[in-house]
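One structure is given below, encoded as structure tokens.
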Amino acid sequence: MEKIKIGEKKFLIEIKRKRVQTLRLRIVGKNKIVVNIPWLMPLMVVNKFIKNNEGWILRQNKKIKKKKRLNKIKKIEILGENYEVETKKALRDSLVIIDKNILINYSEKNKLKEIFDKKMRILAGKLIKEKTRELANKYNLHYEKVGIKNQSSRYGSCSGMGSLNFNWQIILFPMDKFEHVILHELTHLTIKNHSRAFWELLEKYDSNWRENNRWLKREGTNKFII
Ligand SMILES: [Zn+2]
């Protein structure tokens, strides 16, 4: 990763040489861009591209919200419902959810995220497993088991053996996006790749898949708490 200046802003930039035909620039986080370029493309082309698209990059970057840090947030949404978050120093670590309040007791401040992840993952596991069962039944799909992971950027995955894995933090999405992620992985039970047939099948389960997919790319990881 290198630093560059675009307009008045400093950006982290990562240039990846890949088997691609043309340059492709993505804004992957606040002030962070990744550029995929063909093996032999001179770096000059990248600089020129950035210069020519400065306005667009700055506009897009503005839309990206900073990632939420647990010690700074007062409220979270779980499947579209608001919860107040309260943290308190205490002798023992604990997390309890009463009505729409999440109370976290921590013995040391740097353990806050660990307590949060551990407890919320249990709740998430329940919600994700229930929803997966419900949707699989509805569409007559058969999976082996559901695992709950703490992946940083992936939302879910489907193994060749029919095991599904989900990032617990997808419960921080609105309900329709949450269901979309699960339906995406359930579709992989039938079609492993992202071929045209895959999207056609997914459309049968989620007629709004295109919009949901776009939302995930744009907003998904912004909902994650780090
Ligand atoms: Zn997929």
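Where a number appears in this text, it was derived from the coordinates with a stated rule and is not lab data. The model shown is predicted, which means the values in this text are computed figures rather than measured ones. Note that each Cβ is placed from the backbone with ideal geometry, even for glycine, and that neighbours are counted across all protein chains shown.
Protection proxy ranking, highest mean first, for peptides 138-149, 180-191: 180-191, 138-149, where packing is the per-residue count of other beta-carbon atoms within 10 Å, averaged.
Note on K63 and I122: the extension gain reaches 18.0 nm, defined as 0.36 nm multiplied by sequence separation minus the Cα-Cα distance. Counting every other Cβ atom within 10 Å of each residue's Cβ, M161, M175 order from fewest to most as M161, M175. If the segment from R154 to L70 were pulled out straight at 0.36 nm per residue, it would be longer than the present Cα-Cα gap by 28.3 nm. When DSSP beta bridges are restricted to pairs lying wholly in the chain, around 55% turn out antiparallel. Overall form of the chain: oblate. Here a/c, set by the Cα gyration tensor axes a ≥ b ≥ c, is 1.5 or more, and a/b is not larger than b/c. By the beta-carbon count within 10 Å of each Cβ, the least crowded to most crowded order of Y83, Y155, fewest first, is Y83, Y155. Packing, taken as the mean count of other beta carbons within 10 Å per residue, orders the peptides 127-136, 104-113 from highest to lowest as 127-136, 104-113. Could you list, in their original order, any pairs among K3/K67; K88/K217; K72/K131 whose Cα atoms are separated by more than 24 Å? Violating the 24 Å Cα-Cα cut-off are K88/K217; K72/K131.
Measuring r between the beta carbons of R218 and R92 and using R0 = 45 Å, the FRET efficiency lands at 0.70. Cross-link partners of K63 among aspartates and glutamates, defined as those whose alpha carbon lies under 14 angstrom from its own and excluding same-chain residues fewer than eight positions apart: E219.
Spin-label pair K113-N82: with each label point 7 Å from Cα along the Cα-Cβ axis, the two points sit 2.7 nm from one another. In this simple spin-label approximation, K51 and N101 carry label points 7 Å from Cα along the Cα→Cβ vector, and these lie 5.9 nm apart. Annotation for the range 98-147 versus the range 43-88: alpha-carbon center distance of 24 Å.
Near K109: Cβ cut-off under 13 Å, other residues only, Lys/Arg at +1 and Asp/Glu at -1. The net charge is +3.
In terms of surrounding Cβ atoms within a 10 Å radius of their Cβ, E8, E77 rank from fewest to most as E8, E77. Placing a pseudo-label 7 Å from each Cα along the Cα-to-Cβ vector at R17 and K145 gives an inter-label distance of 4.4 nm.
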